[in-house]
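Engineer: If you scroll down you'll find the structure; I have some questions about it.
The values are calculated or read from the model by the stated rules, or taken from the named source; none is laboratory data. Everything numeric in this text was worked out from a predicted model, so none of it was measured. With ideal geometry, Cβ positions are generated from the backbone for all residues, glycine too; neighbour counts draw on all protein chains shown.
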Amino acid sequence: MHNVSKGTLEVICGSMFSGKSEELIRRIRRAEFAQQHVQVFKHSLDTRKTIEHINAHSGYKYPATAAESAHAIKESLLPETYIIAIDEIQFFDENIVPLCMELIGQKKRVIVAGLDLDFRGLPFGKMPELLSLSDNVTKLKAVCNNCGADAHHTQRLVSGKPADFNDPLIQIGAEDCYQARCRNCFEITYNNYKSTQKNFKFYGI
Ligand SMILES: [Zn+2]
């Protein structure tokens with residue numbers, strides 16, 4: 001059916017509330033219309049609503065297998081599967097990169113979605129490598145909760161205030177502790193000093 005020598009890797013990235021999961025579901029449904037065999041995974045860490053679905057904030061959902069590691073995904077794959085879709089890819093361990101490359105070598109179409117930046121405004125997990133190795137990148141923007149501009153940052157709030165730089169990297173939540181923010185409105189508390197991107201030392205931005 002697919003006269004190609006290798007598969008492909010597509011990455012859908014952006015901040016929270018940018019529509020990543022909706023876009024992933026859209027691509028899965030489109031493949032299903034073409035009767036291509038799809039397996040969908042999400043990280044078992046993300047238990048916001050149900051563990052068996054990808055949950056988009058818009059209310060869209062799609063059945064998914066919850067996996068705690070790249071190895072668990074590999075163990076679950078069926079030989080007839082052509083498309084492997086993985087949501088919340090940033091939560092997976094470092095073995096997710098070689099797994100994606102292995103699947104591409106097996107002529108599979110791999111579609112992953114996830115946060116490219118963490119709450120500190122730094123590249124998240126293995127996303128930089130996946131973005132570099134991908135065939136196609138879709139970077140989605142949310143709307144800044146403060147000013148309405150395009151937003152690519154995920155702002156974590158603790159009791160309504162910007163989280164501290166040294167807080168734990170992973171904290172599952174939704175609207176109550178995360179907002180989408182533009183570069184100008186994104187804030188992080190660093191070493192007890194309230195800081196904005198204007199004097200944020202990492203990357204000199
Ligand atoms: Zn803004």
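Engineer: If you scan region 92-116, which residues turn out to be part of a strand (DSSP E or B) and either assigned by TED's automatic domain parsing to the domain that holds THR154 or charged (D, E, K, R) (or both)?
Structural biologist: Across region 92-116, the qualifying residue is only ARG109.
Engineer: What number goes with the only condition from (1) of a type in the set (Gly, Ala, Ser); (2) at pLDDT 95 or above; (3) touching a helix residue (DSSP H, G or I) at 6+ places or on another chain (Cβ under 7 Å) that GLY125 does not pass?
Structural biologist: Of everything listed in (1) of a type in the set (Gly, Ala, Ser); (2) at pLDDT 95 or above; (3) touching a helix residue (DSSP H, G or I) at 6+ places or on another chain (Cβ under 7 Å), GLY125 misses just condition (2).
Engineer: Need at least 3 residues that are modelled with pLDDT of 90 or more and surrounded by 12 or more Cβ atoms within 10 Å (Cβ to Cβ) per element, so show me which strands (runs of 3 or more DSSP E) inside region 139-205 make the cut, counting only ones lying wholly within it.
Structural biologist: Working: elements: 153-158, 178-181, 187-190, 193-196.
The strands (runs of 3 or more DSSP E) meeting that bar are 153-158, 178-181.
Engineer: Tell me, which strands (runs of 3 or more DSSP E) wholly within region 10-78 include 3 or more residues that are at pLDDT 95 or above?
Structural biologist: Of the strands (runs of 3 or more DSSP E) lying wholly inside region 10-78, those with at least 3 residues that are at pLDDT 95 or above span 38-43.
Engineer: For the condition touching a Phe, Trp or Tyr at 6+ places or on another chain (Cβ under 9 Å) and of a type in the set (Val, Ile, Thr), what is the one hit in ILE104, ILE86?
Structural biologist: ILE86
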